[in-house]
Amino acid sequence: MNTHNNARLTFARRLEMVQDVTERGLSQGAAALAQGVSVPTVRKWLGRYLAYGETGLADRSSRPAFSPRAMVSEGAGDRRVAPAPAHPSTHCR
């Protein structure tokens with residue numbers, strides 16, 4: 001996955017940042033200042049690193065996993081709704 005142009009941290013810089021905290025004893029605030037990001041950003045990446053290791057630092061898609069209003073794609077089955085029955089007195093729908 002490509003890193004977008006506005007991303008402050010690449011995979012290598014994320015790894016460096018979490019290693020600064022975990023292995024080199026830097027505080028989260030000092031690591032944030034060194035990388036030019038906020039402390040909550042350091043906490044986010046540190047949490048992912050502690051939970052998943054280096055793979056947790058990889059770029060993720062921002063596409064939602066589920067979209068309740070998504071249109072059904074072609075070939076995914078016919079989900080057309082049957083037309084409403086005509087009104088008995090007017091024969092109109």
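The values are calculated or read from the model by the stated rules, or taken from the named source; none is laboratory data. The shown structure was predicted, so the numbers you read here are calculated from the model rather than taken from an experiment. Every residue, glycine among them, receives a Cβ derived from its backbone with ideal geometry; neighbour counts consider all protein chains shown.
Below, the figures for the structure above:
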quantity	calculated
Residues of the stretch 2-23 classified as assigned to a loop (DSSP other than H, G, I, E, B) and modelled with pLDDT of 95 or more, total	1
Matching entry among G29, G47, G56 (being modelled with pLDDT of 95 or more and in contact with a helix residue (DSSP H, G or I) (Cβ under 6 Å, 6 or more places away or on another chain))	G29
